[in-house]
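Here it is: the structure, laid out below.
Laboratory data are not the source of any read-out in this text; all were calculated from the coordinates shown. Model, not experiment: these values are computed from the prediction. Cβ sites come from the backbone with ideal geometry, for glycine too, and all protein chains shown count toward neighbours.
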Amino acid sequence: MIAFNTAAAGALNATRMFDRAAMKVAQSAGNDTTDLIGAVVDQSQARTAFSANLAVMKTAEQMTGRLLDMKI
């Protein structure tokens, strides 16, 4: 369960990171392109982090299910 909880917290942090980057994209519209590029990169990193944490949550759930199947 620790892996699931850690991954859930990581997914929440990735969501917050994505939201902050989206705000930067909206604020930098028409301004400095380096800020826009950095924000887009941040969004991509946040998406990757969210996907990785989701994969960990799915794996932890499958492992828990298999352990429960073994107990029965």
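Sort 24-30, 4-10 by packing, meaning the average of other beta carbons within 10 Å per residue, with the highest value first.
Result, highest mean Cβ count within 10 Å first: 4-10, 24-30.
When the helix-only estimate is applied to the chain (DSSP H runs of n ≥ 4, each -39,500 (n - 2.57), divided by the residue count), what is the mean residue ellipticity at 222 nm, nearest 500 deg cm²/dmol?
After summing the helix terms and dividing by residue count, I get -33000 deg cm²/dmol.
What is the distance, in nm, between label points placed 7 Å from the Cα along the Cα-to-Cβ direction at ILE37 and at LEU67?
It is 4.7 nm.
Note the listed values (i) 11.4, 37; (ii) 17.2, 62; (iii) 11.1, 31, then indicate which one is Rg and Dmax of the Cα atoms in Å calculated from this particular structure.
From the options (i) 11.4, 37; (ii) 17.2, 62; (iii) 11.1, 31, the structure gives (ii).
Normalising by the residue count of the chain, find the relative contact order in percent from Cα pairs under 8 Å and 6+ residues apart.
Relative contact order, the chain: 46 percent.
Quick one: helix 2-27 against the long Cα principal axis of the chain, what's the angle to the nearest 10°, folded into 0 to 90?
10 degrees
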